[in-house]
Amino acid sequence: MKRTRFTRLGQLAVLVGIVMPVTLLAQTTYGVTTLDGLGGTAGGANSINNRGWATGFANQLGDTVSHATLWAGGPGVIDLGSLGGATANSAIAWPIKANNGLIVGISDTATDNPLGESFSCWPFFASGIPTKKICRGFRWENGVMTALPSFPGGYNSYATAANNRGQVVGWAENGTVDPSCDTDFQILQFRAVIWGPHGEMQELPPLPGDSTSAATAINDQGQVVGISGACGIAVGGVSARHSVLWENGVPTNIGDLGGTTWNTPTAINNHGTVVGFSLPASQNGTRNYEAFIWTRSGGLHSLGKFPGDIRSAAFGINDKDQVVGLSRGGPFGLRAVLWDNGSMTDLNDLTLPGSPHLLYANDINDRGEFAGEALDIASGTSPAFLAIPIRSAK
């Protein structure tokens, strides 16, 4: 089995006030449906909106190419295609959150990068190997995939999320050669961006002293979260020196767990609660980050990890402040996690008998449905999954 998603998670990148009571959590189990793929052995549902649309990626036969995919209320898969043709990679890697039919993600084009760059996209594709193609963020609506532009002078862009106002966020290159880049991978500077619904672009600057920024999520109020740091290889690490919240285009450092890399917000809900992962000071020089939650009143706190596990990460949050992600450890290397009402639960302990092992949960909607990647132990495949809560009264 190709565990390329596990590699991508490594490369990228105390809960209070939750509204669901513990007694209700104890009565909740989940029915798990594995979602159809595109012929390969792996897939991941990385976003689920309040309409029940799950989106993500699925590998084609041979597991060398992945395509962005949509599961619209059932297991059947819709291949969204790519900007570079049938054999070019594409994916939806982050929680999108829009309920209006807008889907965003990343896709290789058919054009070689003239600078030989290996931009931010490649860790999220099937092979996990740089393609050195120009990669663009895309917006998909009504069956049409449209490339999102870079800033003048740049070639690449990356789209992570969208809101119900039609705003899309991510990052895009400009024409500035950045000396903080690792030139084996990246040469040009990149900045966080909001693409408006009518094609307009707004740059979101880094914190003072940093050269690059990248936006990872946006809510319906237009609050944006992301990272600020140095260029590096344009994939996590030093690019994620600081966790940032932009309001009205102004960046604010929301803090970290003390480390100097891998400090990455991944999602923000409509109440302004932020989740992600951050490196403790004691783990500098490693990728042993921990899931975090941030609120304006309470600041940033670790959500912890299971005893003996290497690291944890929070990827998705709904408007009920339920948080999902993963903890790296256990008998199968990864396990999907729910943080709710101050408790951390292995989601595999809550699924119906006969369910596959859930490796990670990447997003959760307001109905409590969550999605991610599973492991079929018998076949060794890792399909995308959708989990639906089944609540029973005592």
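Values as computed for the structure displayed
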read-out	value
Residues being out of contact with any Asp or Glu (no Cβ under 7 Å at 6 or more places or on another chain) and assigned to a strand (DSSP E or B) - total across region 213-241	10
Filter pass, Leu83 being farther than 27 Å from Gly380 by Cβ and out of contact with any Cys (no Cβ under 9 Å at 6 or more places or on another chain)	no
Candidate set from region 344-360 (those that are hydroxyl-bearing (Ser, Thr, Tyr) and surrounded by fewer than 20 Cβ atoms within 10 Å (Cβ to Cβ)); member that is farthest from the chain's Cα centre (by Cα)	Ser355
Single residue of region 274-294 satisfying the filter (closer than 20 Å to Ser228 by Cβ and among the β-branched types (Val, Ile, Thr)) that is farthest from the chain's Cα centre (by Cα)	Ile293
1 or more residues over 25 Å from Met201 (Cα atoms) and among the aliphatic types (A, V, I, L, M): qualifying strands (runs of 3 or more DSSP E) within region 30-141	39-48, 53-60, 66-72
Leading residue by the ranking (nearest to Leu38 (Cα to Cα)) among those in region 79-114 that are loosely packed, with under 14 Cβ neighbours inside 10 Å and not polar (S, T, N, Q)	Ala86
Candidates Asp210, Asp256, filtered to the one that is buried (at least 22 other Cβ atoms within 10 Å of the Cβ), in a loop (DSSP other than H, G, I, E, B) and among the charged types (D, E, K, R)	Asp256
Some residue of region 213-229 being of a type in the set (S, T, N, Q) and in contact with a His (Cβ under 8 Å, 6 or more places away or on another chain)	yes
Among the residues listed as Ile218, Ile227, the single one being β-branched (Val, Ile, Thr), at pLDDT 95 or above and within 18 Å of Gly166 (Cα to Cα)	Ile218
Residue tally, condition more than 21 Å from Trp246 (Cα to Cα) and part of a loop (DSSP other than H, G, I, E, B), over region 169-197	9
Matching option when the condition is among the charged types (D, E, K, R), modelled with pLDDT of 95 or more and touching a Lys or Arg at 6+ places or on another chain (Cβ under 6 Å), among Asp79, Asp63	Asp63
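The values are calculated or read from the model by the stated rules, or taken from the named source; none is laboratory data. This one's a predicted model, so the numbers in the text were calculated from it and none came from an experiment. Cβ coordinates were reconstructed from backbone atoms using ideal geometry, including for glycine residues, and neighbour counts include every protein chain displayed.
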